[in-house]
Amino acid sequence: MLSKTAMPVYIAHQLFVVVAAFTLDRLPFPPALRLGVILAASITGTLLFVFVLVQRSETLKAGFGLRTSTAAAWRAAALAGVFATVSVVALGGSG
């Protein structure tokens with residue numbers, strides 16, 4: 001089961017590490033406590049995200065490269081195109 005979810009875990013853990021580190025950066029905790037909280041938050045957040053949200057959503061499965069139905073793959077591709085277009089427009093490009 002874990003080998004199938006290696007890519008989603010790899011991608012999602014970065015989000016949780018960065019958010020936890022950024023949040024704790026402003027608090028006056030000792031470095032050892034920060035490390036422990038970042039580790040706990042990243043492991044817990046990543047596993048909950050992947051095994052609760054990604055595994056139950058066909059669209060998220062397709063978006064993270066997991067095997068899914070063809071219709072879900074098309075939905076994920078369409079969403080990726082919408083997000084890419086919105087990003088380009090928001091950043092003032094292509095125009």
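The values are calculated or read from the model by the stated rules, or taken from the named source; none is laboratory data. Here the structure is a predicted model, which means the values were calculated and not measured. Note that we place each Cβ from the backbone using ideal geometry, even for glycine, and neighbour counts take in every protein chain shown.
Applying a threshold of 9 Å to beta carbon distances and a minimum spacing of six or more residues, or different chains, the list of pairs starting in the range 24-35 at a residue that is loosely packed, with under 10 Cβ neighbours inside 10 Å and ending at one that is outside any loop (DSSP other than H, G, I, E, B) reads D25/R34; L27/R34. Restricted to helices (runs of 4 or more DSSP H) entirely inside the chain, those with at least 3 residues that are modelled with pLDDT of 70 or more and out of contact with any helix residue (DSSP H, G or I) (no Cβ under 9 Å at 6 or more places or on another chain) are 6-25, 31-48.
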